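Engineer: I have a structure here, written as structure tokens, and I will follow up with some questions on it.
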């Protein structure tokens with residue numbers, strides 16, 4: 001697959017994941033479809049992300065480690081929402097911050113020396 005295909009799949013995974021998280025936040029009872037979408041979105045993100053990394057020949061730099069940690073935390077957000085460990089507004093803020101950090105890492109790639117891209 002081309003890099004653009006991996007990138008398109010990655011964006012699709014992001015859309016599915018955040019749509020599912022939003023559905024969980026606005027519902028009093030978490031819908032089964034949102035839980036399924038959460039897992040599917042995370043899986044698409046993981047496969048497309050590692051596919052793109054392999055095609056671009058990146059190494060495990062700081063930005064990639066931060067994105068993997070954010071991915072793990074976004075995966076754990078299902079448990080946080082299901083058990084009500086955080087109020088919905090705090091959970092929403094956390095999800096948005098994790099998404100923002102991931103986007104920032106993807107754009108600026110901290111930890112990579114100049115000209116390494």
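Every number in this text was worked out from the coordinates using simple rules, so none of it is lab data. Being a predicted model, the structure only gives us computed values, none of them experimental. Because the Cβ atoms are built from the backbone with ideal geometry, glycine has one as well, and the counts that use them run over all protein chains shown.
Engineer: Please go through the range 59-100 and pick out each residue that is more than 15 Å from residue 25 (Cα to Cα), over 15 Å from the mean Cα position of the chain (by Cα) and without any contact (Cβ under 8 Å) to a residue 40 or more places away in the chain.
Structural biologist: Selection gives 59, 60.
Engineer: Further question: Among the residues that make up the range 103-114, is at least one of them touching a residue at least 12 places away in the same chain (Cβ under 8 Å), over 18 Å from the mean Cα position of the chain (by Cα) and surrounded by 14 or more Cβ atoms within 10 Å (Cβ to Cβ)?
Structural biologist: yes
Engineer: Shifting gears a bit: How many residues, within the range 22-54, are exposed (fewer than 15 other Cβ atoms within 10 Å of the Cβ), over 12 Å from the mean Cα position of the chain (by Cα) and either part of a helix (DSSP H, G or I) or touching a residue at least 60 places away in the same chain (Cβ under 8 Å) (or both)?
Structural biologist: Qualifying residue count, the range 22-54: 7.
Engineer: Report the residue count in the range 1-21 for those that are over 17 Å from the mean Cα position of the chain (by Cα) and either under 15 Å from residue 75 (Cα atoms) or part of a helix (DSSP H, G or I) (or both). I'd like the intermediate steps shown before the answer.
Structural biologist: Looking only at the range 1-21, we keep the residues that are over 17 Å from the mean Cα position of the chain (by Cα), and these are 1-5.
Subsequent filtering for residues that are either under 15 Å from residue 75 (Cα atoms) or part of a helix (DSSP H, G or I) (or both) retains 3-5.
So the count comes out to 3.
Engineer: In the range 8-21, what residues are in contact (Cβ under 8 Å) with a residue 24 or more places away in the chain, crowded, with 17+ Cβ neighbours inside 10 Å and more than 12 Å from residue 82 (Cα to Cα)?
Structural biologist: 9, 10, 13, 14, 16, 17, 18 - these are the residues of the range 8-21 that are in contact (Cβ under 8 Å) with a residue 24 or more places away in the chain, crowded, with 17+ Cβ neighbours inside 10 Å and more than 12 Å from residue 82 (Cα to Cα).
Engineer: Check off (1) touching a helix residue (DSSP H, G or I) at 6+ places or on another chain (Cβ under 9 Å); (2) part of a helix (DSSP H, G or I) for residue 79 and give me the number that stays unchecked.
Structural biologist: So residue 79 meets the others, but not (1).
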